[in-house]
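These notes are about the structure you will find just below.
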Amino acid sequence: MEKDFTVQMKRDQELIERALSEVFRDGERYADLQEAMEYSLLAGGKRIRPVLTLETCRLCGGEPAQALPFACAVEMIHTYSLIHDDLPAMDDDQLRRGRPTNHVVYGEATAILAGDGLLTAAFEELTRAELPADRVVEAVACLSRCAGPAGMVGGQALDMAGEGRGMTRSELEQLQSLKTGALISAAAQLGCIAAGGSREDRDRVRAYAQALGRAFQVRDDMLDVISSDQELGKPVGSDQANEKSTFVTALGLEGCQRLVDELTGRAVKAIEGFEQPDFHIWLAESLAKRMK
Ligand code: GRG
């Protein structure tokens, strides 16, 4: 029978929760900025990206704890992107991770600053890793490229530009591989970098994460239709309300699941060459069926 890695995943998540709760512990507390950052950072969330960083470090022969500051940095960038994405100027959402969104609680100006604070502090967090300087520099280069205008922020720009008009499938693919895939790719690559993995390892890990990221986003589009506000902790039906083109509008639900399964197969194939790819295979297959 296939091994179940739920316990290992829980252990990683606990390690990450503890580390995230310490990021701002000894920092200065100016007005309600730190509270606003921690409100969203410590609101739960699946922690898929930082788990991927820790486990990819292990996959590439490293000790996961070495990669913990890199894992926290990725989650901090992810959280900033959610805070900004929920703002009235973007999706104007009221619920995230089962709680009122950051701007609903702290106001728009503080929510913008909370996002800015998390984004910049993420790079400071990278430098806290007790790793050779060349690996830290490589991590800074990788994360800034994947999260910035050539990656996630660029994807968000394409997303906004596409609202209210139909997008072609290739436009959608490009948008999603930037908006969602780039940060997932960074998460995996940072694990490889922390472990001092070879160029070949990095290429295999990147290919895995690119396919996983695309499958994750297509499944996310499906959940917006088939799940509930309560299960997701955010409003469902928002893509339709915002007139967004998604894979569901392009392929229908069945077509989407076929695509998720095909991409999952591609992810699994990309990492077959590693000695112990079982966790990554389990993760990809679990995410293909996820309900939240
Ligand atoms: C505002 C710069 C900027 C970028 C926004 C991440 C993003 C780009 C927008 C969020 C909306 C969205 C649906 C993005 C696609 C990526 C995605 C599926 C995010 C949700 O990630 P999960 O499911 O969330 O991992 P949790 O809460 O579990 O961490």
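Couple of notes before you dig in:
- One residue stands out in the range 243-278 among those that are part of a loop (DSSP other than H, G, I, E, B) and exposed (fewer than 15 other Cβ atoms within 10 Å of the Cβ): the one that is modelled with the lowest pLDDT, namely Glu243.
- Pick from the range 72-90, criterion near the ligand (Cβ under 9 Å from one of its atoms) and over 26 Å from Gln13 (Cβ atoms), ranking: surrounded by the fewest Cβ atoms within 10 Å (Cβ to Cβ): Met90
- Selected residue [of a type outside the set (Lys, Arg) and assigned to a loop (DSSP other than H, G, I, E, B)] from Ala89, Ala65, Ala114: Ala89
- Contacts under 7 angstrom Cβ, first residue in the range 91-106 being surrounded by 15 or more Cβ atoms within 10 Å (Cβ to Cβ), partner part of a helix (DSSP H, G or I) and among the acidic types (Asp, Glu), 6 or more apart: Asp91/Asp85; Leu95/Asp229
- Residue identified as within 11 Å of the ligand (Cβ to nearest atom), more than 16 Å from the chain's Cα centre (by Cα) and either part of a loop (DSSP other than H, G, I, E, B) or free of Cβ contacts under 8 Å to residues at least 60 places away in the same chain (or both) among Asp220, Asp203, Asp224: Asp224
- Verdict on Pro149 being within 15 Å of the ligand (Cβ to nearest atom) and over 25 Å from Ala209 (Cα atoms): no
The values are calculated or read from the model by the stated rules, or taken from the named source; none is laboratory data. Since the model is a prediction, treat every value here as computed from it, not as a measurement. Backbone-built Cβ (ideal geometry, glycine too); neighbour counts: all protein chains shown.
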